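Reading through the C-alpha cells given below for one structure.
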Amino acid sequence: MNLSEKRLFLFDIDGTLALGDKLFEGTRELLEYINRIGGSSFFITNNSTKGGADYVKRFRESFGLETTPEQFVTSGFMMKKFLLETYKDKRIYVQGTKSYLSELSSEGLLVTDEILPKPDCVVVAYDSEITYEKVSKTCLLLQQYSLPFYATNPDLRCPVDGGFIPDCGAICDMITSTTDKVPIYLGKPNPDMVTLCQKLSGFDASQTLVVGDRLYTDIACGLQAGVDTCLLLTGEASRADISTTEFPPDVIFDTVGDLLQAIDK
C-alpha cells in the first residue's frame, strides 16, 4: 500500500485524533495535508450523542479547526437514515438520550420511550442518561413481543480522560444477557459508513483509508468495505491485540503524527 496515493481519509475521533478537549499532536498537520492534496476528510464516529453541527462546534471551540456538518458521519446519523428509509410513519421505541429522541422526532419519526402501545421496532443508542428503569423497559419489551432490534454501535467502552466508560455495546450486552436478543448494529463495523463517504466524495476504494483505534469497529469496518485500514495505538487497541485479532489492520502506527511522517516519506 502506498499511503501517498490515498485521497479519502475516514477518521475515528476519540482515541484516534483527540481525547476530550485534547487534540493529538499531528492531527492538525495531517488534516492540512489532506486539504493541500485535494483530498477529503470524513469523521466516522460511533458516538450517537452528537450530531454534525455539535461536532463542528466542538472542533472549532476545542481544537480551532473549521469543518462542515457533512464531514461527520455518526452512528446516530446512520440509524436516523435507516429509520427514515424503513420505519417512516411507524412507531419506534428508542432507548437513548432525550436529545437523540428529540433529533429523531424532529425528522418526523414517531419515536417513543414508552412500551405501550406496541412499537414496530426497538432501537438502543449510546445513553449517557441510562437508568435501571429504562433498561428494564427495553428488556421487557423485547421479551413480550417479537420485534426487530437495532442499535447504533457495538463499542463496549468509550474513552474519556482517566480511562473508559460503558458504551452502547456494553449496554446492549446487558440487554442481550437478559433477553437473548441480539441487535443489528447500524454504525461501525457496518460498511455502509464507508460507502456513503465514497459516494459523497467521489473517491473510490483504492483511494480510501480508514483510520481508527479499535479493531472490532474501525478496522473491521474498513475490512468489510474492502478498503485499506490503519490502526493507531492511542486508544483502545494495543500491539498485544494484533496477534489474536480477526481484524488485522494493513498498517499500524503509534500516533497520528507517525502516520503523517509515513505519508511524507
Tally up the residues in segment 78-95 that are within 15 Å of the chain's Cα centre (by Cα) and buried (at least 23 other Cβ atoms within 10 Å of the Cβ), please. 2
Which listed residue, of 160, 211, 251, is buried (at least 21 other Cβ atoms within 10 Å of the Cβ) and either β-branched (Val, Ile, Thr) or free of Cβ contacts under 8 Å to residues at least 24 places away in the same chain (or both): 211
Anything in segment 18-35 that is on the phi < 0 side of the Ramachandran plot and of a type outside the set (D, E, K, R)? List them, or say none. 18, 19, 23, 24, 27, 30, 31, 33, 34, 35
Residue identified as out of contact with any strand residue (DSSP E or B) (no Cβ under 7 Å at 6 or more places or on another chain), more than 27 Å from residue 3 (Cα to Cα) and crowded, with 17+ Cβ neighbours inside 10 Å among 114, 103, 61: 103
Only one residue in 24, 9 is in the same structural domain as residue 221 (by TED's automatic domain parsing) and either among the hydroxyl-bearing types (Ser, Thr, Tyr) or more than 17 Å from residue 222 (Cβ to Cβ) (or both), so which one is that? 24
Could you look through segment 176-198, keep only residues that are free of Cβ contacts under 8 Å to residues at least 60 places away in the same chain and touching a Leu at 6+ places or on another chain (Cβ under 7 Å), and pick out the one that is farthest from residue 215 (Cα to Cα)? 179
Could you tell me which numbered condition residue 231 fails, if it satisfies all but one of (1) without any contact (Cβ under 8 Å) to a residue 24 or more places away in the chain; (2) within 21 Å of residue 77 (Cα to Cα); (3) crowded, with 17+ Cβ neighbours inside 10 Å? (2)
Within segment 128-150, is there a residue that is part of a strand (DSSP E or B) and over 24 Å from residue 196 (Cβ atoms)? no
When segment 81-100 is examined, which residues are found to be of a type outside the set (A, V, I, L, M, F, W, C), over 18 Å from residue 171 (Cβ atoms) and in contact with a strand residue (DSSP E or B) (Cβ under 8 Å, 6 or more places away or on another chain)? 87, 89, 90, 91
Quick test of your reading of the structure: residue 25 fulfils all but one of (1) surrounded by 18 or more Cβ atoms within 10 Å (Cβ to Cβ); (2) in a loop (DSSP other than H, G, I, E, B). Name the failing condition by number. (1)
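The values are calculated or read from the model by the stated rules, or taken from the named source; none is laboratory data. For clarity, every value in this text was computed on a predicted model and none was experimentally measured. Reconstructed Cβ throughout: ideal geometry from the backbone, glycine too, with neighbour counts over all protein chains shown.
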